[in-house]
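One structure below.
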Amino acid sequence: MKKIQISPSILSADFSQLGNEIKRLEEGGADMIHVDVMDGHFVPNLTIGPPVIKTLRKYTKLPFDVHLMISPVHKYIQDYADAGANIITIHPETTDNLQASIQFIKKLNKKVGVSLNPKTKIDIVKDYLNEIDLILIMSVYPGFGGQKFMPEVLSKITNLKNIRDEKKLNFDIEIDGGINFDNSKLAIEAGANILVSGTTIFKNNNGNIKKNIDLLKSS
Ligand code: DX5
Ligand code: ZN
């Protein structure tokens, strides 16, 4: 079984203190930092872009797990690689040529992730599973933190895990959206090995990040 890793989303952090918030996450035991990039077009919200990510790079050695919710995505991939992303995750709907975008991310020596919205079927990535490092299963419609977890996506995780075992592949399965101390166990049982969480990590237990990360890890 793959080790369970926690990727806190800085979407729920204090944006006026992002550098320090990232340090707090590292001290609290985060395995990577989830950076939600939104364009106000593919999703109905706007967040941060490459210059901000670049300035944050010096605050931690942890990998930046950059979740791009921007369309069209392809022409911006280089900028996020240059800004210091370690994992670059894209949505299939945001590129004309998924294979070309996957190959481009690999060529830049970054890990490549593909994210599936709640209604997007796993068929869309089936042909690329041997090239992908990570599949990000959305358990909310992307755009906002603090939404309610959609348990119906768990079957996609189990299906992906079965395919991975059958084909002896190695991609990670990450889940993102509405993760809390109850459903984290369900996600892990289904086969997820990376949990993204914003609200639960930053707001629960009076914002005790270490405690919240530990609780999620021990689900
Ligand atoms: C949603 C983002 C998620 C989300 C996680 O579009 O991709 O990363 O903000 O936040 P919570 O844990 O609050 O759902
Ligand atoms: Zn995300």
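Every number here is computed from the coordinates shown, using simple stated rules; none is lab data. This structure is a prediction, so every number in the text was calculated from the model and none was measured. Reconstructed Cβ throughout: ideal geometry from the backbone, glycine too, with neighbour counts over all protein chains shown.
Using Cα pairs under 8 angstrom and six or more residues apart, how large is the relative contact order of the chain, in percent? Display every interim value, and only then the final one.
Numbers: 426 pairs, mean separation 45.9, N = 219.
Once divided by the residue count of the chain, the mean separation gives 21 percent.
Pull out a ≥ b ≥ c, the square roots of the eigenvalues of the alpha-carbon gyration tensor of region 153-207, then state rounded if a/c is under 1.5, prolate if not and a/b is larger than b/c, and oblate in the remaining case.
Details: a/c = 3.51, a/b = 2.58, b/c = 1.36.
Prolate shape, in that a/c is at least 1.5 and a/b is the bigger ratio.
Among K126/K210; K111/K156; K119/K211; K23/K156; K58/K168, which pairs are too far apart, with a Cα-Cα distance over 30 Å?
Details: K126/K210 37 Å; K111/K156 22 Å; K119/K211 33 Å; K23/K156 34 Å; K58/K168 37 Å.
The pairs that break the limit, which is 30 Å between Cα atoms, are K126/K210; K119/K211; K23/K156; K58/K168.
What three numbers, in Å, describe the spread of the alpha carbons of region 108-219 along their principal axes, ordered from the longest?
44, 31, 25
What number, rounded to the nearest 500 deg cm²/dmol, is the helix-based mean residue ellipticity at 222 nm of the chain, given -39500 (n - 2.57) per DSSP H run of at least four residues and division by all its residues? Provide the component values of the computation, followed by the final result.
Working: 8 runs with 69 residues, N = 219.
Helix contribution divided over all residues of the chain: -8500 deg cm²/dmol.
Express the C-alpha Rg of region 1-151 as a ratio against the empirical globular expectation 2.2 N^0.38 Å, rounded to two decimals. Kindly include the intermediate steps, with their values, before the conclusion.
Numbers: Rg = 14.8 Å, N = 151, 2.2 N^0.38 = 14.8 Å.
It is 1.00.
Using a cut-off of 15 Å between beta-carbons, work out the net charge of the residues near G143 (Lys and Arg +1, Asp and Glu -1, G143 not included).
-2
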